[in-house]
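Worksheet for the structure shown next.
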Amino acid sequence: MAGHPDKPSERLQYRGQLRYRVVDNRNPIDVHIHFENPADPQSLAAIPLRTPVIVHVGKTSTAGFACIVAADNTPGSTLQRDSQIRLHPIENHPSHELFAYTLSLVDYQPLAPLRSGQRISLATGESRPPAQLADIWLAPARPRTCQTIAYTDQVFLRAAHGEVLVVDGNERVTRVTGTGHCWQVVHPRWPGATADIATDGQVALLSERGTYLSAPPDGRLHALRLAIGPHEIFRVSRL
């Protein structure tokens, strides 16, 4: 299927969810992959051709490798869906087996930004999502002209029935009515990032006391940690 440069949805974005298919291999396989802008890890812009990118392989890969992405017979200056592409190693970077293949991109779906009022669930990677985090939304604590939620924003964690999550004197997390406690949304890997938060992205939540929301395997929420670990990282999922 040929790409359609006049359709924005056909342009591949950084951090888009996609798969690649090896087309010149005896046993073609599909592998999950996404590209990251090394100058702006949170960028969701269209991917320019012949520029440096970080490539992540696998659904949950965090370590990536640097390369130049080039395309064959692709109109325009950005990467299109189902383009035939090659990955070329950046000078002095270790080689990788992907560089030998021509790839065809399939099943592309851009990461949509998280919007105010959108119902979400927050789940850690090492425990079942606690019930009180299964149906909430992030309400901006200050008026914003933009309806998306960005890293470093101050938010309320508002539950389905109007309660908000707050931290009590013992650093336990409870639900109360009203407004009250604000949380700062922080990127777990780049604390200074200010880009919009993508649905299916990862967040950490910093309380007004300077501690992070934590969901250990027993499911008892607290805000005792001063640093971000595996129990303080949440993946945002749309409900």
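The values are calculated or read from the model by the stated rules, or taken from the named source; none is laboratory data. A quick note: this is a predicted structure, and the numbers were derived from the prediction, not measured. Reconstructed Cβ throughout: ideal geometry from the backbone, glycine too, with neighbour counts over all protein chains shown.
Which residues, counting only those in segment 161-179, are in a loop (DSSP other than H, G, I, E, B) and either hydrophobic (A, V, I, L, M, F, W, C) or over 22 Å from L226 (Cβ atoms) (or both)?
Result: H161, G162, E163, T177, G178, T179.
Between a residue in segment 63-85 that is charged (D, E, K, R) and at pLDDT 75 or above and any residue that is surrounded by fewer than 18 Cβ atoms within 10 Å (Cβ to Cβ) and not in a loop (DSSP other than H, G, I, E, B), which pairs come within a Cβ distance under 7 Å, given they are 6 or more apart or on different chains?
D82/V106
Can you tell which of E10, E36 is charged (D, E, K, R) and at pLDDT 80 or above?
Within the list E10, E36, the selection yields E36.
Of the conditions (1) β-branched (V, I, T); (2) surrounded by fewer than 15 Cβ atoms within 10 Å (Cβ to Cβ); (3) modelled with pLDDT under 75, V22 satisfies every one except a single condition; which number is it?
(2)
Scan segment 220-239 for residues that are surrounded by fewer than 13 Cβ atoms within 10 Å (Cβ to Cβ) and at pLDDT below 85 and report the count.
3
Taking segment 165-193 as the region of interest, how many residues are under 24 Å from the mean Cα position of the chain (by Cα) and without any contact (Cβ under 8 Å) to a residue 60 or more places away in the chain?
Qualifying residue count for the region: 9.
Is it true that H187 is crowded, with 18+ Cβ neighbours inside 10 Å and over 18 Å from Q154 (Cβ atoms)?
So H187 does not fit the description; no.
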